[in-house]
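The values are calculated or read from the model by the stated rules, or taken from the named source; none is laboratory data. For clarity, every value in this text was computed on a predicted model and none was experimentally measured. Note that each Cβ is placed from the backbone with ideal geometry, even for glycine, and that neighbours are counted across all protein chains shown.
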Amino acid sequence: MKAVYVDHKQQQFFNVENLALTYYGKKLRWNGLHVENNLVKHLYGIMMWDEIYYDRVPHVFQSSFQFGPLDFYEPDFYLHRKDIIDRKLQRLRLMSNQQIKDYFMKEYEKNKGFHNILVNWDNLKLTPFRMAAIAYCMGGKLLAMFFSKLAEDFKNWSYGMPDLVLWREDKKMIKFVEVKSETDNLSEKQKCWLVNITNEGVECDLCWITDKIEGVDVF
């Protein structure tokens, strides 16, 4: 059972992620979302659409009702498409922030409404304009790192991403935050993601939530 925090001053209830999000938003003036793995999966599904649905791999599309290729969750997915995936990742690395944003919006508008194994077009948090702003702040090198992990081994890399994404589009700034209560600990996968992200020169916070705050109780 997750802890719930109550702020008696504002008469509001929070889980650990939303309490952290409120702090970063109100105190530090970041835009932010609690999205965990969903953000990168959506960006990957939209920006790597042509590579995911590449139809020259034999036998992976056997029905028009498939949401994705049959080998999507297998290591062979990358091996069967290595050349086109590597070309796309290199192309993303070389794009400017504005080119990344424009490319995302172009792919979003081109494919909107079509079935995709990763994309929920009705997601109320991940609107196209929010995702475009976040992609703009992430830049091509960081996106390519995320996408390469998912392409090479989706089963093992599709979880454990940080809880919060924070951004300031006017400053091209991005930050990721993993939020923990006092009794929680980082998993090995979460540690791996934090290392991978910081290796790209992007700031990550480990935010510990405590009930030792004036006016805040936990139950």
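Taking the stretch 43-75 as the range and being closer than 23 Å to residue 130 by Cβ and in a loop (DSSP other than H, G, I, E, B) as the test, only 48 passes.
Yes/no per residue for (1) surrounded by fewer than 13 Cβ atoms within 10 Å (Cβ to Cβ); (2) within 19 Å of residue 152 (Cβ to Cβ); (3) of a type outside the set (A, V, I, L, M, F, W, C):
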position	(1), (2), (3)
25	no, no, yes
38	no, no, yes
51	no, yes, yes
57	no, yes, no
94	yes, no, no
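Cβ separations smaller than 6 Å between residues 6+ apart or across chains give the following pairs from the stretch 109-130 residues that are of a type in the set (Val, Ile, Thr) to residues that are in a loop (DSSP other than H, G, I, E, B): 117/67; 117/68.
Every listed requirement among (1) touching a helix residue (DSSP H, G or I) at 6+ places or on another chain (Cβ under 6 Å); (2) surrounded by fewer than 20 Cβ atoms within 10 Å (Cβ to Cβ) is met by residue 163 save one, (2).
Screening the stretch 105-219 for helices (runs of 4 or more DSSP H) wholly inside it with 2 or more residues that are touching a strand residue (DSSP E or B) at 6+ places or on another chain (Cβ under 8 Å) and farther than 16 Å from residue 16 by Cβ returns the ranges 128-152, 188-199.
Here is a check on your reading of the model: is residue 145 surrounded by 17 or more Cβ atoms within 10 Å (Cβ to Cβ), assigned by TED's automatic domain parsing to the domain that holds residue 101 and not charged (D, E, K, R)? For residue 145, the condition - surrounded by 17 or more Cβ atoms within 10 Å (Cβ to Cβ), assigned by TED's automatic domain parsing to the domain that holds residue 101 and not charged (D, E, K, R) - is not met. Per the conditions (1) among the hydrophobic types (A, V, I, L, M, F, W, C); (2) in contact with a His (Cβ under 9 Å, 6 or more places away or on another chain); (3) farther than 19 Å from residue 122 by Cβ; (4) outside any helix (DSSP H, G or I), the sole criterion not satisfied by residue 21 is (4). If the condition is being over 15 Å from residue 89 (Cα atoms), more than 15 Å from the chain's Cα centre (by Cα) and of a type in the set (Ser, Thr, Tyr), then the stretch 99-150 contributes only 108. The set of residues from the stretch 59-69 being surrounded by 15 or more Cβ atoms within 10 Å (Cβ to Cβ) and either among the charged types (D, E, K, R) or closer than 30 Å to residue 125 by Cβ (or both) comprises 68, 69.
Please work out if residue 87 is at pLDDT 95 or above, over 15 Å from residue 43 (Cβ atoms) and out of contact with any Lys or Arg (no Cβ under 7 Å at 6 or more places or on another chain). For residue 87, the condition - at pLDDT 95 or above, over 15 Å from residue 43 (Cβ atoms) and out of contact with any Lys or Arg (no Cβ under 7 Å at 6 or more places or on another chain) - is met.
Residues that are buried (at least 17 other Cβ atoms within 10 Å of the Cβ), among the aliphatic types (A, V, I, L, M) and over 29 Å from residue 78 (Cβ atoms) within the stretch 178-207 comprise just one, 179.
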